[in-house]
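Since the structure comes first, as C-alpha cells, the remarks are kept for the end.
Please treat every number below as a calculation from the coordinates, not as lab data. Remember, it's a predicted structure, so these values are computed and weren't measured experimentally. Because the Cβ atoms are built from the backbone with ideal geometry, glycine has one as well, and the counts that use them run over all protein chains shown.
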Amino acid sequence: MAARIPVEFIFNPHWWCRNYGISFDRSFYLDPERRIADDVTMRRALHERFGLGEPDPQPRPILGSRHVAGGFVAPALFGVEIRFAADQAPWSIPLELSADQIRALTPPDIARTWPMDEIIRQADALEERFGFVMGDWNHGGLINTAMELRGNMLFTDFTDDPGLVHHLMSVLTETQIRVAGFFKSRSGTNSVAVNRGIVNVDPAIYVQGNCSVQMISPRHYETFFLPYEMRLAKELAPYGIHHCGDNLHLFAKSYSKLPLRFLDVGWGSDVARCRAALPDVFFNIRLSRCECYLRRKNQSAATCCDCWSLATCQERRACAASTWTTAPRMKTSGQFSRQSPSSRPGGSKLQREGGTTRPGQLLQTC
C-alpha cells in the first residue's frame, strides 16, 4: 500500500464570512460562548460541504479557534493596537517604539495583561464548566512580534544597535515561554492554532512562527534569532518551525542546529536541498492553490508529485499539506467552494485512493 499522506485544509476568514456569515470581530476570539458556537458551525460546515470531521459536532471548551490563525496575543501584550474586521484576520498596527522605549521593555505579567488575563479567566470558567479545556492561540513569532514593536527600524538595528536587538529578543523569548507554557499547562497544546498539521506528528509540538525570517539574511538569523530559538527549543520541547517563505533552503543549515521535530516548508522552497540538510525532520509541505491553478496541469502535477515522493522513504519524514485559500474570481476554486454537496460530482466525501488522502479533483489538478 502506498504511503499515507495526511492533508490539512485551512480556509481564510473571507471565505468563512462570505459563505457562512461568520464575523471575525473581537468577539469571535474573545467571547467564549460565541467562540464555542462558531466552532460548532465551522465543524458542521466542513463535514456537510467536504466530508471532513464529524457529522454531528457538539460544543467543546475551546480556548482558541482551530480553523483560522489569529496571531495577535504576543504584540497585544505589549500594547500594540489590534484591529478586527468581519472578513479578515486580526491586524496589528506597529508601535514603532523608540530605542529607549525598547530598552525599557520587560516581559509582561500575562496574568494581569490583556488579552492573556481575559483568556486565563475564560480558561478557569470553561474548565469548571466542562471539566477540561482544549486548544490554544497563535502566538506569532520572535521576528514577527519584534517588527510589530520596533517597525522597520529593526532592520537597521542589526547594524546600528545590535545590543538593542538582543535585548528585544530576550524579552520576547521569555514572553513566548510564558504564553506557550500557560496553554500547554491547561490544554496540553500550544501551537495547533499556528499549524494544525502538528496533530499528524505530535500535538504537543511548539511551533515558532518565522514568517518574516525570509526578510533577513541567514547570517543575521544566526546572530540575532537562532540563540533565542535554541532557548525556546529547550524550554518548550518538542520544537517546530513555521517558515512560509519561499526560501527555506537558505536557512536549512541554520535550522539543522535546532532539535527540530516539525518544519513548515513554504511553497517555492527547494525541498530537496531542505531534505538534504534536515533528513529526519517531519516536513509539512505547503501548497499554493493559486500557483497550482495558474501552471499548466502537467507541470503542476509533476511539482506536487516531487514533493509527495519525499514521504516514501520514511513516513515520519514528510507530510503534504495545503492551505487552500479560495479566490472568488478563480473559476476552479470558485466551483469547489460554492457548489453544494449534492451538486458536486461524487458527493461531498473526500476520496481516498491507494492509502493516500486525495480531496477529489483538487489535488489531482495540482
Report summary line: Expressed in angstrom, Rg and Dmax over the Cα atoms of segment 68-121 are 12.5, 37
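What's the extension gain from ALA86 to THR159 if we count 0.36 nm per residue and subtract their Cα-Cα distance? Write out the running numbers ahead of the final one.
Values: separation 73, 0.36 × 73 = 26.28 nm, distance 4.01 nm.
Using 0.36 nm per residue and subtracting the Cα-Cα distance, I get 22.3 nm.
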Query - Relative packing of peptides 44-57, 194-207 - highest average C-beta neighbours within 10 Å first - result: 194-207, 44-57
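Run the numbers for ASN152 and SER185: contour at 0.36 nm per residue of separation, minus the present Cα-Cα distance, in nm. All intermediate terms of the calculation are to be shown ahead of the outcome.
Details: separation 33, 0.36 × 33 = 11.88 nm, distance 3.49 nm.
So the chain would gain 8.4 nm between ASN152 and SER185.
What is the extension gain from ASP124 to MET215, computed as 0.36 nm multiplied by their sequence separation minus the C-alpha to C-alpha distance, in nm to one decimal? Don't skip to the answer; put the middle values down first.
Details: separation 91, 0.36 × 91 = 32.76 nm, distance 3.94 nm.
Here the answer is 28.8 nm.
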Query raised in the report: Just the Cα atoms of segment 174-242, one point each, no solvent: what log10 I(q)/I(0) does Debye give at q = 0.15, 0.17, 0.21, 0.28 Å⁻¹?
Result: -0.49, -0.62, -0.89, -1.28
Query raised in the report: For segment 222-250 and segment 5-68, what is the separation of their C-alpha centers, rounded to whole Å?
Result: 29
Report task. Could you check the simple spin-label distance between ASP202 and VAL40, using points 7 Å along Cα→Cβ, in nm with one decimal? Result -> 3.5
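Taking every pair of Cα atoms in segment 132-270, average 1/r, invert it to obtain the Kirkwood radius, and report Rg/Rh to two decimals.
On the way: Rg = 14.5 Å, Rh = 15.2 Å.
With Rh from the inverse mean 1/r over Cα pairs, Rg/Rh is 0.96.
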Query raised in the report: Which whole-Hz couplings ³J(HN,Hα) result when phi for each residue of segment 254-269 is put into the Karplus expression 6.51 cos²θ - 1.76 cosθ + 1.60, θ = phi - 60°, listed in order with x for Gly and Pro?
Result: 5, 5, 5, 7, 9, x, 6, 10, 9, 9, 7, 9, x, 4, x, 6
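What does the charge add up to near ASP56, with Lys and Arg as +1, Asp and Glu as -1, over the other residues with Cβ less than 13 Å from its Cβ?
Numbers: positive: ARG43, ARG44, ARG60; negative: GLU48, GLU54.
Here the count lands on +1.
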**Report entry** All-pairs alpha carbon distance profile, segment 130-182, 10 Å steps from 0, percent
**Finding:** 22, 44, 20, 10, 4, 0
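In what sequence, highest mean first, do 175-185, 98-108, 260-270 appear when ranked by Cβ atoms within 10 angstrom?
260-270, 175-185, 98-108
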Query raised in the report: In vacuo Debye scattering of segment 3-124, one point per C-alpha: log10 I(q)/I(0) at q = 0.09, 0.17 Å⁻¹?
Result: -0.33, -0.93
